[in-house]
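Report on one structure; see the data block that follows.
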Amino acid sequence: MQHAVLIAPPELEPVTIDEVRDQAKIDHSDEDVYVERLIKAARQHVENRCGIAVMAQDWRLTLDSFYERGCKPILLPRPPLIDVILVRYVDPSGILQTVNIVDNSFARISDNGLLSCISPALNTSWPSIACVPGAVQVEYTAGYADAEDVPADLKHAIILLVAHWHKHREAVSLSSGSAMPIPLGFEDIVSRFAVPVGV
């Protein structure tokens, strides 16, 4: 069994208030705090919808074994991958070992922007571990390092969603009684960044 938890959220957002103002035709700063909250919520919505990390953030993946997927590499949720920080594991004596990943001597890291993984160094295997729940932890940084690195269409999807939420502050239109649809083009954009299910 494995699970990933966010241990350090992004310090920056991928879009600015000014970019949202341009899209939403907002000509004042009275609602800047509200718009900032919407930007954060929209970024999180896109991340959860696609299974990715948009801005740099630290995650911890916990597994019961290095070999939960057989001999396949360990997939790291929330690509794209920036860096693997460390690997912790409980050795057969019950002692917690920590390996800082500074080169390829312990593990190889690969990322194609859609799938991120870590595997044993070339011609080696993972170390033996104790048979205890959560015996293995991988800490890593995922996302795009800077807002400038975030693909333009992904940023546009976030801006579209913020502008939509700013205009439609309720889930249902009071005049028509119907649900307010996500803005045109949003799903088309985010579907291109969605991590394949079941990999």
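The values are calculated or read from the model by the stated rules, or taken from the named source; none is laboratory data. What you are looking at is a predicted structure, and each value in this text was computed from that prediction instead of being measured. Note: ideal-geometry Cβ built from the backbone for every residue, glycine included; neighbour counts use all protein chains shown.
Miscellaneous remarks
- On inspection, ASP153 qualifies as assigned by TED's automatic domain parsing to the domain that holds GLU31, of a type in the set (D, E, K, R) and modelled with pLDDT of 90 or more.
- Scanning the range 166-193 for residues that are at pLDDT 80 or above and touching a Leu at 6+ places or on another chain (Cβ under 9 Å) returns HIS166, GLY185, PHE186, ILE189, VAL190, ARG192, PHE193.
- Residue among ILE26, ILE52, ILE82 that is under 20 Å from the mean Cα position of the chain (by Cα), β-branched (Val, Ile, Thr) and in a loop (DSSP other than H, G, I, E, B): ILE52
- Meets criteria (in a loop (DSSP other than H, G, I, E, B), under 12 Å from the mean Cα position of the chain (by Cα) and not aromatic (Phe, Trp, Tyr)) for ALA4: no
- Selected residue (criterion: nearest to ILE17 (Cα to Cα)) from residues of the range 150-170 that are free of Cβ contacts under 8 Å to residues at least 24 places away in the same chain and surrounded by 13 or more Cβ atoms within 10 Å (Cβ to Cβ): HIS164
- Which listed residue is touching a residue at least 12 places away in the same chain (Cβ under 8 Å), on the phi > 0 side of the Ramachandran plot and of a type outside the set (Gly, Ala, Ser), from ARG43, ARG60, ARG88, ARG78: ARG78
- Whenever a residue of the range 115-133 is assigned by TED's automatic domain parsing to the domain that holds LEU75 and part of a loop (DSSP other than H, G, I, E, B), its partners that are exposed (fewer than 13 other Cβ atoms within 10 Å of the Cβ) and modelled with pLDDT under 95, lying with C-beta atoms within less than 6 angstrom and at least six residues away or across chains, give the pairs ALA121/ASN104; ALA121/SER105.
- The single condition from (1) free of Cβ contacts under 8 Å to residues at least 24 places away in the same chain; (2) touching a strand residue (DSSP E or B) at 6+ places or on another chain (Cβ under 8 Å) that ASP18 fails is (2).
- For SER116: the one exception among (1) at pLDDT 95 or above; (2) under 13 Å from the mean Cα position of the chain (by Cα); (3) of a type outside the set (A, V, I, L, M, F, W, C): (1)
- All positions within the range 7-58 that are among the hydrophobic types (A, V, I, L, M, F, W, C), closer than 27 Å to VAL136 by Cα and surrounded by 15 or more Cβ atoms within 10 Å (Cβ to Cβ): CYS50, ILE52, ALA53, VAL54, MET55, ALA56
- Where PHE66 falls short, out of the listed (1) surrounded by 21 or more Cβ atoms within 10 Å (Cβ to Cβ); (2) in the same structural domain as VAL132 (by TED's automatic domain parsing); (3) more than 25 Å from SER110 (Cα to Cα): (3)
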